[in-house]
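Asker: First the structure, then my questions, so here it is.
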Amino acid sequence: MEINLNKKPEEPSLYTVKAVFILDNDGNRLLSKYYDPELYPSMKEQKNFERNVFNKTHKADNEIAFLEGMTIVYKGNIDLFFYVVGSAQENELMLMSVLNCLFDSLSQILRKNVERRCLLDNMEGVFLVVDEIIDGGVILESDPQQVLQKVSYRVRLIIYSQLPVISDLFESFQN
Amino acid sequence: MIKKFDKKDEESGSGSNPFQHLEKSAVLQEARIFNETPINPRRCLHILTKIIYLLNQGEHFGTTEATEAFFAMTRLFQSNDQTLRRMCYLTIKEMANISEDVIIVTSSLTKDMTGKEDVYRGPAIRALCRITDTTMLQAIERYMKQAIVDKVPSFILLVYCPMSHCWQSFLFICIQHMVKMSYDVVKRWVNEAQEAASSDNIMVQYHALGLLYHLRKNDRLAVTKMLNKFTKSGLKSPFAYCMLIRIASKLLDETEGGHDSPLFDFIESCLRNKNEMVVYEAASAIVHMPNCTARELAPAVSVLQLFCSSPKAALRYAAVRTLNKVAMKHPSAVTACNLDLENLITDSNRSIATLAITTLLKTGSESSVDRLMKQISSFVSEISDEFKVVVVQAISALCQKYPRKHSVMMNFLSNMLRDDGGFEYKRAIVDCIISIIEENPESKETGLAHLCEFIEDCEHTVLATKILHLLGKEGPRTPQPSKYIRFIFNRVVLESEAVRAAAVSALAKFGAQNDDLLPSVLVLMQRCMMDSDDEVRDRATFYMNVLQQKQKALNAAYIFNGLSVSIPGLEKSLHQYTLEPTEKPFDMKTVPLATTPITEQKTEIAPVATSKLPEKLAPSRQDIYQEQLAAIPDFQGLGPLFKSSEPVQLTEAETEYVVRCVKHTFARHMVFQFDCTNTLNDQLLQKVVVQMEPSESYEVIHHIPAPSLPYSQPGSCYTLVRLPDDDPTAGRNTMGCTMKYLVRDCDPNTGEPDDDGYDDEYVLEDLEVTVADHIQKVLKPNFGAAWEEVGDEFEKEETFALASVRTLDEAVGNIISFLGMQPCERSDKVPENKNSHVLFLAGVFRGGHDVLVRARLALADGVTMQVTVRSGEETVVDVILASVG
């Protein structure tokens, strides 16, 4: 596969992002969304692609890679890896702005605890953030403040997950 | 339930995944609490999260269970918890395709869409669009209309509609089928979008522009207007700017607008935008424009140069990747950046380093090659296959530029060949080595040795067969052919059927060319005849018998130079032959030749990706013509179509009637097909005929008119001409052409013609028949053998002086295009600094006679040419010599 620089630019459209995914430090999928139905239609192909991307990127924090004919921008933090995928012709900086917005929004939602456990504890917030940033491959928002406003998600207390006793109490009150 | 989770977490440590041991059935069981009253938002939220998480992990939900969960979920709309509501929207979107009857949430969604809560509107519309299909469009049309009429929601609708998954089809359907709604609505949408495009919200602006373009993209005038408006007024959103640049460069490309166009000025002005994203988009747009001059590139290159030293890896990558692209066409434009690129060689991002080095290889001088190659070999194992292919491509380009460097390159390539890598990568290397071998005869032996080593352990059948073919072609002509035999025979013993068969063919070529090897080859061949595969056995038996005859002519015809006929044509002819029982043996000469003989291993390195699709045996242009002509009764009995020329224009581009001619050659006839187009909308032409006046030896037999030629609908008429049998001047002819027809004036609006018309005629340009029209190119991989095969019975020789030609290259080019024959043995390439050259040409003359030309060229004041022609037919030799004279 060549880096196809000769191909004419595609039809101008709003569809910018091909896929977005978050992996943990073993390369397991925590969240992933594919927006182009022609790109890796089956779950097996998607996971293969994620595995391949993870293997090529997790060792060095290089920010950008070109794999399987796709431009991939990424960012690692503690035990999480965030990826945004676009076509070979896509403006790399556009993809970067999506990645930065995703990371910054999550960082604020998780009160700077961008690590696996905290992310999983607030998974619904993560789903909502991704949904507000990209829908169907179209960039909806690139400003983290706007995203937070639209999601208006309250973080689940960290204490809740770390201290099961209190959370148990909390639970029994509710019931 | 949550309690249970936390316990589990405790057991496996705080780093574990609370969703890890989720069971679909347990989660669905839990989902029953959706039906409890009052709704517990927190627990429900958690369960919805689990469902979405499972779906995201690829868990399969059956239709029944999905539908059940979906219906339970709809109850949650009763709760007013914001996050819960938002998760409901997400669930709807995720389940839209797996659950049945998702449309039941339509009313809930439309309520949120038009409700007071601002945060619900956008996501609700997006969810609604996801579950909308054509059948229910009518149902929601009311809400959409309402949203459009109502200022605020319409605004949101506009912004969010493009985001929805099916907005394109939604728009399409609106426009296509709902005529009563469409004109009105689309117009209103355009207005709304235009208003939104000047919005202060930068994302709204971006989406509105995208929607506007989508609504109008088929209307070039509207797009131009839109561009004018926005390029003047300016935009706030960098995304919208990028979009605008893309639209502008697409329009420039389509209209072939010059670079003095205001659109180009706009793109160039974006190079000074304060946002890097926009600057880069503009620079990239300029670089990708066809026919950009170095001066126009300069500003784009200088912003890219600045980006090269950016702290952001993505920006450096983008810049160097684009510079790499510039270096392919305009290496000199990039030289200014050499210093910046040098700094990137050690970039920790290997993709950037690779791109920098390959760019430098294109722009740098010969002296820097060794250093760069050393640098790149230090980390080649770390980079991905994609970039390894880029490196190979750069090397291949370099070998053509600096042929003297081939030994360094060959070494490097052979090391790369030993490394791990996928098929595309290996293929790029093999292609590169093959092209080096062909460019530099002195590198042949080392190159073949590397390839031999490679096939010893090669898992790719395609590559192994390709290399075996090459060995068969080149090996016998090396000083020591015997050393290749072992490599080839090893393949016969160890490999799959396809490779074994290719190895047998290669062996046969050694036997045919080298008499001292023949006995051993025959022994090996005998072993191959006991192979377990049919194809391998058949080939071995066939070659065995041919080789045992020890006849040069047989070897040439059946071992060196394969079939030159078109395979679909052969299939068709054989089928035809079996349909009509006849005593006559099948005649190969009646089979049409392959129209595009493969150029002799001129490995185009560049488009590796394009050949990814399996090659289809699409009918060639000639096959299509053959079908068309065969359908006309008057042309039956002419035999198979021998050759069709490229269309020749017989009128200027902008005239009343546009006529072009395709010359079809048959064994003894020519058919001239005139494709005529009438560009006058107030005329209908009838009985259109092109009358031809050839000089003496050609005889016009028949005209077939085009019955009717309405405005702008092309039609064809034909003229059949008989060619003289044995007239040496038959090769060339010039014919006057006149188009004759009956004109009927008609109403430009309705196309209704008047009752009567009048005869008229229109003089066309003269049509030339050249000797190339009678000859089809055929590649003889082994020209020497073919030359012996034809023999010297009708050999003729003549010497000409080409006074007007100054270089050997020019002479070679002229001869090839004049005779329309295939250059063999790469003799179309004249080595540098030589005063003499021999050109070998091969072809087939109409009627199926092989014809070979050997032209010895010598450069003095002009070029002197001694032409030797051989063919099985005397007239053919005469025709060719007469036409050259």
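The values are calculated or read from the model by the stated rules, or taken from the named source; none is laboratory data. These numbers come from a predicted model, not from an experiment. Because the Cβ atoms are built from the backbone with ideal geometry, glycine has one as well, and the counts that use them run over all protein chains shown.
Asker: With the requirement that a residue be over 21 Å from B:Ser435 (Cα atoms) and either of a type in the set (Phe, Trp, Tyr) or within 11 Å of chain A (Cβ to nearest Cβ) (or both), what does the stretch B:376-396 give you?
Answerer: Hits for the stretch B:376-396 are B:Phe379, B:Glu382, B:Ile383, B:Ser384.
Asker: Right, something else. If B:Arg75 satisfies all but one of (1) among the charged types (D, E, K, R); (2) assigned to a loop (DSSP other than H, G, I, E, B); (3) more than 48 Å from the chain's Cα centre (by Cα), what's the number of the condition it fails?
Answerer: Answer for B:Arg75: the failing condition is (2).
Asker: Something else about it: Taking only the stretch B:831-848 into account, find how many residues are at pLDDT below 85 and surrounded by fewer than 20 Cβ atoms within 10 Å (Cβ to Cβ).
Answerer: Number of matching residues: 6.
Asker: Would you check which residues across the stretch B:273-295 are farther than 18 Å from B:Arg246 by Cα and touching a His at 6+ places or on another chain (Cβ under 9 Å) and list them?
Answerer: B:Thr293, B:Ala294
For (1) β-branched (Val, Ile, Thr); (2) in contact with a Lys or Arg (Cβ under 9 Å, 6 or more places away or on another chain); (3) at pLDDT 80 or above, each residue gets a yes or a no:
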| position | (1), (2), (3) |
| --- | --- |
| B:Glu571 | no, no, yes |
| B:Thr578 | yes, no, yes |
| B:Pro581 | no, no, no |
| B:Leu593 | no, yes, no |
| B:Thr599 | yes, no, no |
| B:Glu604 | no, no, no |
| B:Val608 | yes, yes, no |
| B:Lys612 | no, no, no |
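Asker: Checking B:Gly813 against (1) of a type outside the set (Lys, Arg); (2) part of a helix (DSSP H, G or I); (3) touching a Gly at 6+ places or on another chain (Cβ under 7 Å), which single condition isn't satisfied?
Answerer: It fails just one condition, (3).
Asker: So, in the stretch A:83-102, of the ones that are in contact with a helix residue (DSSP H, G or I) (Cβ under 6 Å, 6 or more places away or on another chain) and more than 23 Å from B:Met289 (Cα to Cα), which residue ends up nearest to the other protein chains (Cβ to nearest Cβ)?
Answerer: Top of the filtered list is A:Met96.
Asker: Turning to a different aspect of this structure: Among residues belonging to the stretch B:33-58 that are within 13 Å of another protein chain (Cβ to nearest Cβ) and more than 21 Å from A:Gly125 (Cβ to Cβ), point out the one that is farthest from the chain's Cα centre (by Cα).
Answerer: B:Pro38
Asker: Could you tell me which of the residues A:Leu5, A:Leu31, A:Leu39, A:Leu14 is modelled with pLDDT of 90 or more and either out of contact with any Asp or Glu (no Cβ under 9 Å at 6 or more places or on another chain) or at negative phi (or both)?
Answerer: A:Leu31
Asker: In the stretch A:8-62, what residues are exposed (fewer than 14 other Cβ atoms within 10 Å of the Cβ), more than 8 Å from every other protein chain (Cβ to nearest Cβ), more than 22 Å from B:Ala314 (Cα to Cα) and of a type in the set (D, E, K, R)?
Answerer: A:Asp26, A:Glu38, A:Lys44, A:Glu45
Asker: Also: Please work out which residue is farthest from the other protein chains (Cβ to nearest Cβ), limiting yourself to the stretch B:254-281 and to residues that are more than 16 Å from B:Ala300 (Cβ to Cβ) and of a type in the set (Asp, Glu).
Answerer: B:Asp260
Asker: Could you give every pair whose Cβ atoms fall below 6 Å, whose first residue belongs to the stretch B:444-466 and is closer than 21 Å to B:His406 by Cβ, and whose second residue is assigned to a helix (DSSP H, G or I) and aromatic (Phe, Trp, Tyr), counting only separations of at least 6 or pairs across chains?
Answerer: If the second residue must be assigned to a helix (DSSP H, G or I) and aromatic (Phe, Trp, Tyr), the pairs left are B:Cys452/B:Phe487.
Asker: Of the residues that sit in the stretch A:88-111 and are out of contact with any Pro (no Cβ under 8 Å at 6 or more places or on another chain) and not in a helix (DSSP H, G or I), which one is surrounded by the most Cβ atoms within 10 Å (Cβ to Cβ)?
Answerer: A:Asn91
Asker: Looking at this structure, is B:Leu28 among the hydrophobic types (A, V, I, L, M, F, W, C), more than 9 Å from every other protein chain (Cβ to nearest Cβ) and surrounded by 16 or more Cβ atoms within 10 Å (Cβ to Cβ)?
Answerer: Taking the combined requirement at face value, the residue satisfies it.
Asker: Does any residue of the stretch B:325-348 turn out to be touching a residue at least 24 places away in the same chain (Cβ under 8 Å), among the hydroxyl-bearing types (Ser, Thr, Tyr) and within 11 Å of chain A (Cβ to nearest Cβ)?
Answerer: There is no residue in the stretch B:325-348 that is touching a residue at least 24 places away in the same chain (Cβ under 8 Å), among the hydroxyl-bearing types (Ser, Thr, Tyr) and within 11 Å of chain A (Cβ to nearest Cβ).
Asker: Additional query: Within the group B:Lys236, B:Lys225, which residue is out of contact with any Leu (no Cβ under 8 Å at 6 or more places or on another chain) and free of Cβ contacts under 8 Å to residues at least 12 places away in the same chain?
Answerer: It is B:Lys225.
Asker: Return the only residue of B:Ser302, B:Ser367, B:Ser310, B:Ser269 being surrounded by fewer than 16 Cβ atoms within 10 Å (Cβ to Cβ) and assigned to a loop (DSSP other than H, G, I, E, B).
Answerer: It is B:Ser310.
Asker: Here are some residues: B:Val287, B:Val326. Which one is within 27 Å of B:Ser377 (Cβ to Cβ) and of a type in the set (A, V, I, L, M)?
Answerer: B:Val326
Asker: Specify which of the listed residues (B:Val658, B:Val648, B:Val690) is closer than 30 Å to B:Leu819 by Cα, of a type in the set (A, V, I, L, M) and free of Cβ contacts under 8 Å to residues at least 40 places away in the same chain.
Answerer: Being closer than 30 Å to B:Leu819 by Cα, of a type in the set (A, V, I, L, M) and free of Cβ contacts under 8 Å to residues at least 40 places away in the same chain holds for just one of B:Val658, B:Val648, B:Val690, which is B:Val658.
Asker: Look at B:Thr74 and say whether it is at pLDDT below 90 and crowded, with 16+ Cβ neighbours inside 10 Å.
Answerer: Yes: the conditions hold for B:Thr74.
Asker: So, one more: Among B:Tyr718, B:Tyr711, B:Tyr762, which is hydroxyl-bearing (Ser, Thr, Tyr) and touching a helix residue (DSSP H, G or I) at 6+ places or on another chain (Cβ under 8 Å)?
Answerer: Criteria check complete, one pass: B:Tyr718.
Asker: Within the stretch A:115-136, is even one residue outside any loop (DSSP other than H, G, I, E, B), touching a Phe, Trp or Tyr at 6+ places or on another chain (Cβ under 6 Å) and not hydrophobic (A, V, I, L, M, F, W, C)?
Answerer: Yes - at least one qualifying residue is present in the stretch A:115-136.
Asker: Go through (1) surrounded by fewer than 20 Cβ atoms within 10 Å (Cβ to Cβ); (2) under 17 Å from A:Thr16 (Cβ atoms) for B:Leu209 and report which single condition fails.
Answerer: Of the numbered conditions (1) surrounded by fewer than 20 Cβ atoms within 10 Å (Cβ to Cβ); (2) under 17 Å from A:Thr16 (Cβ atoms), the odd one out for B:Leu209 is (1).
Asker: Consider the stretch B:410-425. How many of its residues are within 13 Å of another protein chain (Cβ to nearest Cβ), assigned to a helix (DSSP H, G or I) and either touching an Asp or Glu at 6+ places or on another chain (Cβ under 6 Å) or closer than 19 Å to B:Ala397 by Cβ (or both)?
Answerer: Number satisfying all stated conditions: 2.
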